[in-house]
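The values are calculated or read from the model by the stated rules, or taken from the named source; none is laboratory data. Note that the structure is predicted; figures quoted are calculated from it, not measured. In this analysis, Cβ positions are derived from the backbone assuming ideal geometry, glycine residues included, and neighbour counts consider all displayed protein chains.
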Amino acid sequence: MRAPPGRITNLALLAALLLAVATGIGVVAAGSSPGRLVALAHGVVGVAVVLLVPWKTRIVRRGLRRARRSRWASLLLAALASITLLTGLGYATGLLRSVAGTRGMWLHVAAALTLLPLVAWHVLARPARPRKTDLTRRTLLRAGALTAVAGGVYLATSSVVRLGGLPGARRRFTGSYDTGSFDPSSMPSTVWLDDRTPRIDPAAWRLVVADGDGERALSLADLTAFDTRVRAVLDCTGGWYAEQDWVGAPVSALVGSRGDARSLLVRSASGYWIRFPVGDLDRLLVATRLGGAPLAPRHGFPVRLVAPGRRGFWWVKWVDRIELQDTPWWWQPPFPVT
Ligand SMILES: Nc1nc2c(c(=O)[nH]1)N[C@H]1C(S)=C(S)[C@@H](COP(=O)(O)O)O[C@H]1N2
Ligand SMILES: [Mo]
């Protein structure tokens, strides 16, 4: 394709970046199969950004010749964008799983989050204003061609990964790699942001259950009396997953009258909390055991939530209260804030 006018390239790049952010957030949220499509879209959008790089480079060269003082910010932006793309591609293929002991997925997300304010500044400082006349058949054809080529390159890359037996072929659709399945001692333990393992005295600890009938405090012995087994995949947005056998009490056996409740608030002794749609209730387990043994403190002792089909950040550790509420489940920050 002949190079489009610079303004069109800039607008295309901006559109691709916005899509990359939207689908990226989608992948972080996705825990079950329908999320596959979002992950696929994220990959294709990433390739589209790479395809736009040669055209953008021409614009950047012209800009640099003007030697503006803000050029350092622009170069930083370019560097962060490259890191985001390289760590994304590296983690997806498995060619670059970690850098200096830090998981590539984490670097990808961190670079992308740092990039966002810079992109916002860049768009404000050098606005590429769309014109009504941009929406020609030609532009649409170009956009279609770019999407098709990006899709083709994505498919070709994933075939190479599969046929070449690269580690990337063994990751889940979320991008995560198996780390310690059926071997709890080699399963990583993570916190979402800055949480800490609280010191808990199991004898004094209680799980408070609040529902339409009031509040009850259950002891650890009350909970270990249950032995429902659930095999489920814990998939952390940091890029690893582990399938394990969990044993504990089904939430549906602990809560009584549901009344008109719309959500279940699950709170940790650490202050961490998350709200589930009430429709999830029958799938949730308050786990007391992992792989046949009591939970390790770092994995949530005395009890932690098991939420099959949901990403790791829903699996609240060190649970001390579950409460049915009338509040809709989406009435919470899109991701936990601690
Ligand atoms: N209380 C609390 N529970 C939490 C978190 C946290 O920060 N605090 N992190 C969540 C995240 S992001 C993940 S991936 C899983 C990790 O579980 P693990 O440490 O047992 O592997 O716990 C979840 N439960
Ligand atoms: Mo996580």
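Residues are listed down the side, and each one gets a yes or a no for (1) outside any strand (DSSP E or B); (2) in contact with a Ser or Thr (Cβ under 7 Å, 6 or more places away or on another chain):
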site	(1), (2)
Pro198	yes, yes
Val230	no, no
Asp235	no, yes
Tyr241	no, yes
Ala253	yes, no
Arg267	no, no
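The single condition among (1) modelled with pLDDT under 95; (2) within 9 Å of ligand 1 (Cβ to nearest atom) that Gly256 does not meet is (2).
Taken as a whole, the condition of being within 16 Å of ligand 2 (Cβ to nearest atom), β-branched (Val, Ile, Thr), touching a residue at least 40 places away in the same chain (Cβ under 8 Å) and on the phi < 0 side of the Ramachandran plot applies to Thr237. Cβ-Cβ distances below 9 Å connect no pair with a first residue in the range 321-333 that is without any contact (Cβ under 8 Å) to a residue 12 or more places away in the chain and under 15 Å from Ser252 (Cα atoms), a second residue that is among the hydroxyl-bearing types (Ser, Thr, Tyr) and outside any strand (DSSP E or B), and a separation of six or more residues or different chains.
The residues of the range 179-231 that are away from ligand 2 (no atom under 16 Å from the Cβ), in contact with a helix residue (DSSP H, G or I) (Cβ under 6 Å, 6 or more places away or on another chain) and either among the β-branched types (Val, Ile, Thr) or under 30 Å from Arg103 (Cβ atoms) (or both) amount to a single one, Val209. Among the residues of the range 274-284, is any within 18 Å of Trp205 (Cβ to Cβ) and assigned by TED's automatic domain parsing to the domain that holds Gly214? No, the range 274-284 contains no residue that is within 18 Å of Trp205 (Cβ to Cβ) and assigned by TED's automatic domain parsing to the domain that holds Gly214. Scanning the range 179-191 for residues that are near ligand 1 (Cβ under 6 Å from one of its atoms) and closer than 20 Å to Pro302 by Cβ turns up Met187, Ser189, Thr190, Val191.
Filter the range 200-228 down to residues that are in contact with a Pro (Cβ under 8 Å, 6 or more places away or on another chain) and assigned to a loop (DSSP other than H, G, I, E, B) and give me whichever is nearest to Leu285 (Cα to Cα). Among residues in the range 200-228 that are in contact with a Pro (Cβ under 8 Å, 6 or more places away or on another chain) and assigned to a loop (DSSP other than H, G, I, E, B), the one nearest to Leu285 (Cα to Cα) is Phe226. Within the range 243-258, the presence of at least one residue that is within 25 Å of Arg171 (Cβ to Cβ) and of a type in the set (Asp, Glu) is confirmed.
One residue alone among Thr114, Thr102 is more than 15 Å from Val21 (Cα to Cα) and of a type in the set (Ser, Thr, Tyr), and that residue is Thr102. Hey, does the range 34-44 have a residue that's crowded, with 19+ Cβ neighbours inside 10 Å, under 22 Å from Leu124 (Cβ atoms) and modelled with pLDDT of 95 or more? No, every residue in the range 34-44 fails to be crowded, with 19+ Cβ neighbours inside 10 Å, under 22 Å from Leu124 (Cβ atoms) and modelled with pLDDT of 95 or more. Scanning the range 1-53 for residues that are part of a loop (DSSP other than H, G, I, E, B), under 17 Å from the mean Cα position of the chain (by Cα) and either on the phi > 0 side of the Ramachandran plot or free of Cβ contacts under 8 Å to residues at least 40 places away in the same chain (or both) yields a count of 1. Looking only at the range 295-338, filter to residues that are surrounded by fewer than 16 Cβ atoms within 10 Å (Cβ to Cβ) and outside any loop (DSSP other than H, G, I, E, B); which one of those is farthest from ligand 2 (Cβ to nearest atom)? Restricting to residues being surrounded by fewer than 16 Cβ atoms within 10 Å (Cβ to Cβ) and outside any loop (DSSP other than H, G, I, E, B), the top hit is Pro297. Of all residues in the range 254-274, those satisfying the criterion of being surrounded by fewer than 22 Cβ atoms within 10 Å (Cβ to Cβ) and farther than 23 Å from Thr197 by Cβ are Leu254, Gly256, Ser257, Arg258, Gly259, Asp260, Ala261, Arg262.
Checked against the criteria, Gly312 does not count as more than 15 Å from Ser263 (Cα to Cα) and more than 13 Å from ligand 1 (Cβ to nearest atom).
Summed over the range 143-199, the residues that are under 21 Å from the mean Cα position of the chain (by Cα) and aliphatic (A, V, I, L, M) give a count of 4.
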